[in-house]
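Sending over a structure as structure tokens; questions will come in a sec.
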Amino acid sequence: MTKPQKNFALAIVALLLFIVGMALWGPSEAPPTQSPLVKLTSKNFSDFESAFDAAADSPRLVLLLSPT
């Protein structure tokens, strides 16, 4: 492995560690101008659908993360 490849690999590892750290120890509250955070379950999924459909005039993003 050349030095630039090692530096790139180290940067990727550092970025992944940063992302994991923010996910585990980062802020867990929504900003005051945003709706409070909720945990998505099968019981409240219809609330998610309603909120998602209500914002049809603005960009929306659904990000699914899995530990496996």
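Between (i) 1.55; (ii) 1.42; (iii) 1.63, which matches Cα Rg over 2.2 N^0.38 Å calculated for the structure shown?
(iii)
Among THR68, THR41, rank each residue by its count of other Cβ atoms within 10 Å, from fewest to most, as a rough exposure measure. Could the numbers behind the result be given before it?
Details: THR68 2, THR41 9.
The fewest-first ordering by Cβ neighbours comes to THR68, THR41.
Taking 25 Å as R0, compute the FRET efficiency from the Cβ-Cβ separation of VAL13 and VAL62 and round it to 0.05.
On the way: r = 27 Å, r/R0 = 1.09.
Step by step, r from the Cβ atoms, then E = 0.35.
Compute the helix-to-body angle for 45-54: its Cα long axis versus the longest principal axis of the chain, expressed 0 to 90° and rounded to tens.
Taking the Cα atoms of the chain, the angle to 45-54 is about 90 degrees.
Just so you know, all these numbers are worked out from the coordinates, no wet-lab data involved. Nothing here was measured: the structure is a model prediction, and the numbers come from that model. Every residue, glycine among them, receives a Cβ derived from its backbone with ideal geometry; neighbour counts consider all protein chains shown.
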